[in-house]
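Read the figures in this text as sums done on the coordinates, not as results from a lab. Remember, it's a predicted structure, so these values are computed and weren't measured experimentally. Quick reminder, even Gly has a Cβ in these numbers, built from the backbone with ideal geometry, and neighbours come from all protein chains shown.
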Amino acid sequence: MKVIEGDKLRGHLETIILSVLERGEAHGLEILWRLDQAGCGLLHLKEGSLYPALYRLEEAGKVQAVWEEEPHGRRGARRRIYRLTPKGKRQLAQGREEWGHFVQVIGGIMGAPA
Amino acid sequence: MNDAALKELKIVVEQAVRPIRATLARKRRMREELLAHLVSIFEEEAERVGDEQTALDQAKRRFGNPRELTGQLQESVSPWGRVRFVLETYTYQPGDSVLRLAAVSLLSMVLMIAGLLLAAMLVSLLRARHDDFGMLVHVSLATGVVMAAFSFVFLFLSERTARALCGEDAERSLSKVVLYCLASLVVFPALAFVTYLVLSFDLAASVAHFCLACYFAPAMPLLFLLMARPMIEEIRYKRQWASLEIGE
């Protein structure tokens with residue numbers, strides 16, 4: 001199967017991140033590992049691009065972040081652990097609903113219903 | 001991981017973060033988090049391929065183009081974050097030049113006087129009494145000048161003490177620490193004297209206030225010494241990241 005590049009994820013990345021965090025809190029790299037697993041390795045995202053999306057979600061109060069206690073040997077650089085907020089959960093439910101509608105409508109137009 | 005590899009990763013982070021118009025605290029958070037991510041993927045790749053240079057190239061490839069990331073990170077800064085950035089641009093930060101400190105103090109004085117004068121005019125208008133307007137103007141001007149002068153001296157001395165105490169090797173000097181501590185002893189009583197003098201024009205009472213303030217003066221060097229460490233850490237942090245050549 002063809003890989004899905006970052007550009008095609010535009011507009012969906014935030015909802016995808018929320019769905020990953022629904023499974024439990026995680027730092028940036030852990031989120032990418034989970035995405036890779038869930039997408040069977042077909043999701044190709046430039047890793048740096050994850051962070052602007054996380055910051056937007058944090059600004060909007062959809063995720064909450066805390067610094068990890070210890071840097072675990074990463075030369076003093078700490079990671080931030082992200083978790084879903086109640087607002088993020090509501091946003092995720094809405095995102096799923098919108099995605100279902102999108103697939104139904106576009107699938108209908110393209111003659112390839114979901 | 002060797003220092004050269006870490007520096008390479010820091011340069012990637014700095015290429016993405018330095019041009020962003022966001023507060024220093026926000027950029028600091030971005031730097032640390034992005035660096036932690038890059039170091040993690042570098043270590044992952046180094047374990048997989050067993051060669052640091054290849055691991056470095058792979059880590060950079062996985063991370064993506066830092067110049068493109070700058071735009072995305074900038075978009076993640078909220079309008080309020082941009083306002084705070086603009087406000088921060090007009091405040092003093094440890095490590096800035098003395099000239100900038102003087103300019104910021106002058107600007108704060110002008111703003112303070114303008115604000116106090118406006119408040120004085122409003123009070124005068126609301127109370128329909130114009131006889132005390134002159135006094136309100138006098139108080140506003142005196143307060144603005146004294147506060148600005150004090151903030152300039154306070155920040156100047158505290159930063160100089162910090163640098164002399166634990167700055168770079170060339171800046172460290174015990175005699176300078178002693179000199180700044182002695183100067184700081186004078187600051188509080190002098191402030192009390194000048195404030196009282198410009199408000200009351202009463203020399204005898206101002207001297208009395210000077211003497212009273214002398215009792216509290218020994219606390220000032222202690223205060224500057226307490227402020228030294230966080231200030232110097234901030235200066236070192238700024239220098240460390242600013243020294244990276246990012247090929248702008």
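Please state the shape class of segment B:93-183: rounded when a/c is under 1.5, otherwise prolate if a/b exceeds b/c and oblate if not, all from the C-alpha gyration tensor. Verdict is prolate for segment B:93-183.
Step through the table entries A:LYS87/B:LYS7; A:LYS87/B:LYS60; A:LYS89/B:LYS10; B:LYS60/B:LYS238, compare each Cα-Cα distance with 31 Å, and write down the pairs that go over it. Let's see the in-between values first.
Working: A:LYS87/B:LYS7 39 Å; A:LYS87/B:LYS60 34 Å; A:LYS89/B:LYS10 35 Å; B:LYS60/B:LYS238 24 Å.
In this structure, A:LYS87/B:LYS7; A:LYS87/B:LYS60; A:LYS89/B:LYS10 exceed 31 Å between Cα atoms.
For chain B, the longest principal axis of the Cα atoms and the long axis of helix B:79-89 meet at an angle of about 60 degrees.
For chain B, relative contact order (Cα pairs under 8 Å, six or more residues apart, normalised by length) works out to 18 percent. Close amide H contacts of A:LEU43 (hydrogens built in the peptide plane, cut-off under 5 Å, sequence separation of 5 or more or a different chain): A:ILE4. A Förster distance of 51 Å, applied to the separation of the beta-carbon atoms of B:GLU43 and B:LEU122, puts the FRET efficiency at 0.25. Backbone geometry of segment B:195-203 corresponds, through the Karplus equation with coefficients 6.51, -1.76 and 1.60 at θ = phi - 60°, to 3J(HN,Hα) couplings of 4, 5, 5, 6, 8, 10, 6, 10, 5 Hz, x marking Gly and Pro.
3J(HN,Hα) couplings calculated from phi for segment B:137-142 with the Karplus curve 6.51 cos²θ - 1.76 cosθ + 1.60 (θ = phi - 60°) are, in sequence order, 5, 4, 5, 4, 4, 4 Hz; Gly and Pro show x. Projecting the Cα positions of B:PHE152, B:LEU111, B:GLY167 onto the charge dipole of segment B:83-171 (unit charges on Cβ atoms of Lys, Arg, Asp and Glu, taken about the Cα centre) puts B:LEU111 furthest along the positive direction. Pairs of Cα atoms nearer than 8 Å and 6+ residues apart set the relative contact order; for segment B:141-248 it is 32 percent. Taken along the Cα-to-beta-carbon direction at a fixed 7 Å, the label points for A:GLU25 and B:HIS138 span 6.0 nm. Residues of B:65-77, mean number of Cβ from any other protein chain within 10 Å of their own Cβ, rounded to a whole number? Per residue, the number of nearby Cβ atoms from other chains is 4 on average. The string of couplings for segment A:63-70 from the Karplus curve (6.51, -1.76, 1.60, θ = phi - 60°) is 10, 10, 10, 10, 6, 5, 5, 10 Hz, one whole number per residue in order, with x for Gly and Pro. A cut-off of 5 Å between modelled amide H atoms, ignoring neighbours fewer than 5 places along the same chain, links A:TRP67 with A:ILE81.
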